[in-house]
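Report on the structure given below.
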Amino acid sequence: MEEKRDQFRLISEPMERPMERCRVIQERDIDGNVIEACQQGDMSAFQMLFEAYKDKVYSIAFYFSRDEASARDITQQVFLKLFTSIGQFRRDCEFTTWLYRLVANACTDEHRRRRRFVSFDDEAGVMNMIERGSQEENYIRRQINDSVRAAIADLKPKLRLPILLKYVEGLSYDEIANVLGCSKGTVASRLNRGHKLLARKLAPYRGALDSG
């Protein structure tokens, strides 16, 4: 295990390779052959995997924690877990679904460690209803923004994660269910509960949101 940790540190540190310096590894570069190579211990294949998904994992972690240090810790834990357990991936689901599951678990673990509320900006959801306007309107909307952030921060992780996966990552109900290891009905129920809690907390701003 310690040997794998050392190998992971080498992969996760910034690396410059003459042949790859100008090439940016993207998600579309990852296919079944790369995954299989990772499972066989190919370090260069895992380097490709890390480069392709590190920004996505960090983004989710940061949206959840709103703290750069925590987001880095979560990202490191996700890829360490991925590195040590990729042999368990059986292709019974999409690789990204399996990866999201690792991220969701790491975020939940981080929340348990911190034992305090964290926040993220739901820029892809409620926030995009707010348009530009006069200075007075912008001031009011900034107040609404702050209230939305506070309301989301008050949601429990089991309600916050489905909202993040749906409105930030754009996952379907089925995909969220696979990530969280629950039924589609449970996903719908948690989203519904989250929506109701947000609506209740944001009730004083309902008129401003509707007019925006």
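Can you give me the number of residues within the range 190-212 that are closer than 30 Å to Leu180 by Cα and either at pLDDT 80 or above or surrounded by 15 or more Cβ atoms within 10 Å (Cβ to Cβ) (or both)?
The total comes to 13.
For the range 135-158, the condition holds for at least one residue, the condition being that it is part of a helix (DSSP H, G or I), at pLDDT 80 or above and more than 30 Å from Asp42 (Cβ to Cβ). Here Phe120 meets the list (1) at pLDDT below 70; (2) of a type outside the set (A, V, I, L, M); (3) within 13 Å of the chain's Cα centre (by Cα); (4) outside any loop (DSSP other than H, G, I, E, B) almost entirely, failing just condition (4).
The values are calculated or read from the model by the stated rules, or taken from the named source; none is laboratory data. Model, not experiment: these values are computed from the prediction. Because the Cβ atoms are built from the backbone with ideal geometry, glycine has one as well, and the counts that use them run over all protein chains shown.
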